[in-house]
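What follows is a single structure, written as structure tokens, with notes after it.
Each reported figure results from applying straightforward, stated rules to the coordinates on display, with no laboratory input. Just so it is clear, the model here is predicted, and its values are computed rather than measured. FYI the Cβ positions are ideal-geometry reconstructions off the backbone, even for glycines, and counts take in every protein chain you see.
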Amino acid sequence: MNVLGLFWRNLVNGPATDPYPFGPTVTQKRFRGRIEFDAPSCEGCKLCERVCPSGAIKFSKDPGGLAFDCWHATCVFCGTCEFYCPTGSIHQTDDWSLAHLQEDKYRMVEHGLIPNMTCSECGATALDTAPMRNTRPPLTDEEVATLRPMCPKCRAKFMKNRKKP
């Protein structure tokens, strides 16, 4: 194609790139961007930490509970953690603009905390995790509300004595 034909085609079709950061841009559907963590829906299984291929996700004990950290400088945005999370407490956003200064690279972390609580049945200290949802038959909303403030031992007793339809 000659230069004038190429010039005419580009003039008619317009620019082929987005004007980011000087104008609006579109993120594609199902884009895998920055990780977000929803602590109230987490059941504390730490499966995301075990399946993360880059080792970006770490859980650690904290005086206030169980701390979650996802290092965005290490994350490869593969989506494995979101895929394997049984409760959907980890999901990827469409936030792809993670540009930062060199001195801020260790601040690119998604923090979360699953707090400690006192068991409503025995008074023991336990993590305030979501009850497991993969039970047969599925838990009702009333059962979830009953199980939420219980420690794992009291939850096991409740599930053992649960009336099955």
Checklist entry - What's the FRET efficiency of residue 83 with residue 4 using the Cβ-Cβ distance as r and R₀ = 45 Å, to the nearest 0.05? => result 0.35
Checklist entry - Taking only the alpha-carbon positions of the range 78-155 and ignoring solvent, what does the Debye formula give for the base-10 log of I(q)/I(0) at q = 0.11 Å⁻¹? => result -0.48
Next on the checklist: Can you find, among 131, 156, 93, the residue sitting farthest towards the positive end of the charge dipole of the chain, where Lys and Arg contribute +1 and Asp and Glu -1 at Cβ?
Outcome noted: 156
Next on the checklist: Which of 117, 132 has the fewest other C-beta atoms within 10 Å, and how do the rest follow up to the most?
Outcome noted: 132, 117
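Let me spell out the model: positive unit charges on the Cβ of Lys and Arg, negative unit charges on the Cβ of Asp and Glu, origin at the Cα centre of the chain. What dipole size does that give, in debye rounded to 20?
Values: 21 positive and 18 negative charges, 177 e Å.
That gives the chain a dipole magnitude of about 860 debye.
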Item to check | Alpha-carbon centroids, the range 60-80 and the range 108-165: separation in whole Å | outcome: 22
Checklist outcome for this item: Once both label points are put 7 Å beyond Cα along the C-beta direction, the residue 91-residue 119 separation in nm becomes 3.3
Item to check | Full-stretch length increase - residue 73, residue 159 - with 0.36 nm per residue and alpha-carbon distance subtracted | outcome: 26.8 nm
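Would you please give the FRET efficiency between residue 51 and residue 105, computed as 1/(1 + (r/R0)^6) with r the Cβ-Cβ distance and R0 = 22 Å, to the nearest 0.05? Please list the in-between numbers first.
Numbers: r = 24 Å, r/R0 = 1.10.
Result of the calculation: an efficiency of 0.35.
Using helices alone, I'd like the mean residue ellipticity at 222 nm for the chain: each DSSP H run of four-plus residues gives -39500 (n - 2.57), total over residue count, nearest 500.
-6000 deg cm²/dmol, from helical runs alone.
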Checklist outcome for this item: Footprinting proxy, 31, 77, 37: sorted fewest to most Cβ within 10 Å, the residues are 31, 77, 37
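Tell me, what are the semi-axes, in whole angstrom and largest first, of the equivalent ellipsoid of the chain as set by the roots of 5 times the Cα gyration tensor eigenvalues?
Numbers: eigenvalues 426, 78, 29 Å².
Square roots of five times the eigenvalues give 46, 20, 12 Å.
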Checklist entry - Does a label point 7 Å from the Cα of residue 41, set along Cα-to-beta-carbon, have any residues of the range 109-140 with amide nitrogen under 19 Å, and which are they? => result 110-115, 128-135, 138-140
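If contacts are Cα pairs under 8 angstrom and at least 6 residues apart, what is the relative contact order of the chain in percent? The partial results should precede the final answer.
Details: 219 pairs, mean separation 37.7, N = 165.
Averaging sequence separation for qualifying contacts and normalising by length gives 23 percent for the chain.
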Item to check | Nearest-ten-degree value, helix 3-13 long axis tilted from longest Cα axis of the chain | outcome: 40
Item to check | Count of lysine pairs in the chain with Cα separation under 24 Å (8 or more residues apart, or interchain) | outcome: 9
